[in-house]
Amino acid sequence: MSFINYASREINCKIVYYGPGLCGKTTNLQYIYNKTAEGSKGKMISLATETERTLFFDFLPLALGEIRGFKTRFHLYTVPGQVFYDASRKLILKGVDGVVFVADSQEERFDANIESLENLRDNLEEQGFDIEKIPFVIQYNKRDLPNACDLEELSKALNPRRVPEFEACAPTGEGVFETLKAVAKLVLNDLKKGG
Amino acid sequence: MLSSQSSLVMYDEEYQKIMILIERLLRESNAKVIFLVDKDGQLIAATGETENLDTTSLASLTAGNIAATGGLAKLIGEKEFSILFHEGEKDNIHLSIVGGRVILVVIFDQRSSLGLVRLRVKKASNELAVILEDLVRKTQDQHSEFQASPFSEITDDDIDNLFN
């Protein structure tokens, strides 16, 4: 849940990047880290295995500037995508304000996307959140690959709620900031409604 | 007990009380650094030798640490492990859960001892829990009075400007 600090005039929000293993969650954060000005970002932390697979989470704090006199900070987290790290994924969803689901566009990962989305729904529910109500956007990553699924087919399977969706190629940054901006917007709008 | 689902709101008055309390704890326990973190990983307050410390990262990792240990606790049928202690060559970290939602972190070296830290933390935790309860009550009162939030006036332009 967001943390509003009237003493230091800050709002802190938590955004989690979710998705199947190797879909590009960490790559999204790395691109954001590389393209953000020194003063606006903190250190990026990756708790990864020796083979650079996310073990627990990646963490990137971002300061986006001021809104109505409050410093706006977003804490971006990724979850470990591999199926057997489910216990860790549940922990990272605690207190989440917005979720980005990063789908892997490759044909052979179609089922993995669906499985991961179902897993997200269950884990959110366990934390008391409803996937239908929480600020949520979908990113179709790896659009540049030759074996990428038809976009319409992906969207039909993963986005029946018609939340904002973006095509992306995380290593080159295509769609990365658009995705972040969309989820940040939904989170801030939620804050506005929730007062 | 604080609910884990409600938004955390901090006001000046409570922030000042918390700062006085953790500054006193810092002195009485001979600690190097003390900070207070929400279980979701948000830094609430910090005092001591924080200049060369990445407190944002520390807050996030502390919350991850407590969450992972809490998961372990549940697996063996415990509710949670309310105190954790990490011993290093020079510096040590003492973590304790206060009021069910907030983590009190004390970093100390050979100028102090685990016994002293535990003793002082126990006393400070009780006082801290009272302040946190007041804070929750105040937040709920403000909500029920339906006071205008500073964010109710946010426009799409405000949000767009953040990204420019």
| Once the dipole of the range B:12-136 is set up with Lys and Arg at +1 and Asp and Glu at -1 on Cβ about the Cα centre, which of B:I103, B:S57, B:L84 lies farthest towards its positive end? | B:L84
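Please tell me the relative contact order of the range B:1-85 in percent, rounded to the nearest whole number, where contacts are Cα pairs under 8 Å and at least six residues apart. The partial results should precede the final answer.
On the way: 73 pairs, mean separation 15.5, N = 85.
Computed value for the range B:1-85: 18 percent relative contact order.
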| query | Per residue, how much accessible area does chain A show when a 1.4 Å probe rolls over the protein heavy atoms, in square angstrom? | reply | 43
| request: Within the range A:94-179, list the chymotrypsin sites (Phe, Trp or Tyr not before Pro) lying in a DSSP loop whose Cβ has at most 11 other Cβ atoms in a 10 Å radius. | output: none
| query | Roughly speaking, to the nearest percent, how much of the range A:1-138's 1.4 Å accessible area is carbon and sulfur? | reply | 47
| said: Report, in listed order, any pair from A:K142/A:K192; A:K41/A:K133; B:K32/B:K123; A:K71/A:K185 with a Cα-Cα distance greater than 23 Å. | reply: A:K142/A:K192; A:K41/A:K133
| field | CD proxy at 222 nm, helix term only [per DSSP H run n ≥ 4: -39500 (n - 2.57); per residue of chain A; nearest 500] | value | -10000 deg cm²/dmol
| said: On C-alpha positions alone, give me the angle between the axis of helix B:114-144 and the longest principal axis of chain B, in degrees, nearest 10. | reply: 10
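Scan the range B:48-112 for trypsin sites (Lys or Arg not before Pro) in coil per DSSP, keeping those whose Cβ has at most 14 other Cβ atoms within 10 Å, and list them by number.
Loop-located and lightly packed - B:K79, B:K90, B:R111.
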| request: Starting from the amide H of A:L93, placed 1.01 Å from N in the peptide plane, find each other amide H under 5 Å away whose residue is 5 or more places distant or on another chain. | output: none
| request: Indicate the residues belonging to the range B:50-80 that lose 20 Å² or more of solvent-accessible heavy-atom surface (probe 1.4 Å) upon moving from the chain alone to the assembly of all protein chains, ignoring ligands and nucleic acids. | output: B:D54, B:T56, B:S57, B:S60, B:L61, B:G64, B:A67, B:A68
| request: Would you please classify the overall shape of the range A:35-166 from the alpha carbon gyration tensor, given that a ≥ b ≥ c denote the square roots of the eigenvalues, rounded means a/c under 1.5, and beyond that prolate means a/b larger than b/c while oblate covers the rest? | output: rounded
| Angle in degrees between helix B:55-75 and the longest Cα principal axis of chain B, rounded to the nearest 10 | 70
| said: Quick check: at a probe of 1.4 Å, how many percent of the accessible area of the range B:12-136 sits on carbon and sulfur atoms? | reply: 52
| remark: Sparse-neighbourhood loop hits (GluC sites (Glu not before Pro), the range A:119-184; DSSP loop; Cβ within 10 Å at most 15 others) -> A:E132
| remark: Expressed in µm² per second, the diffusion coefficient of the protein assembly as shown from the Stokes-Einstein equation, with Rh the Kirkwood radius over alpha carbon pairs, at 4 °C and 1.567 mPa s, is 61
| Total charge dipole magnitude, chain A, about the Cα centre, Cβ charges on Lys, Arg, Asp, Glu only, Debye to nearest 20 | 1100
| field | Under the Karplus curve 6.51 cos²θ - 1.76 cosθ + 1.60, θ = phi - 60°, whole-Hz ³J(HN,Hα) for the range B:45-52, x wherever Gly or Pro sits | value | 7, 8, 8, x, 7, 9, 4, 9
| note | Between the residues A:N123, A:Y77, A:A7, the Cα farthest towards the positive end of the dipole of the range A:1-150, that dipole coming from +1 and -1 charges on the beta-carbon of Lys, Arg, Asp and Glu, is from A:A7
| said: How big is the dipole moment of the protein assembly as shown about its Cα centre under a simple scheme where the beta carbon of each Lys and Arg is +1, that of each Asp and Glu is -1, and everything else is neutral? Debye, nearest 20, please. | reply: 1080
| task | Please compute how much accessible surface disappears when A pairs with B, both sides summed, using a 1.4 Å probe, and round it to the nearest 100 Å². | result | 3700
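The values are calculated or read from the model by the stated rules, or taken from the named source; none is laboratory data. Computed from a prediction, not measured in an experiment: that's the story for all the values here. Heads up, the Cβs are rebuilt from the backbone with ideal geometry, glycines too, and the neighbour counts pull from every protein chain shown. Remember, those area values only see protein heavy atoms, side chains included, never the ligands or the DNA or RNA. Shrake-Rupley method; radii C 1.70, N 1.55, O 1.52, S 1.80 Å.
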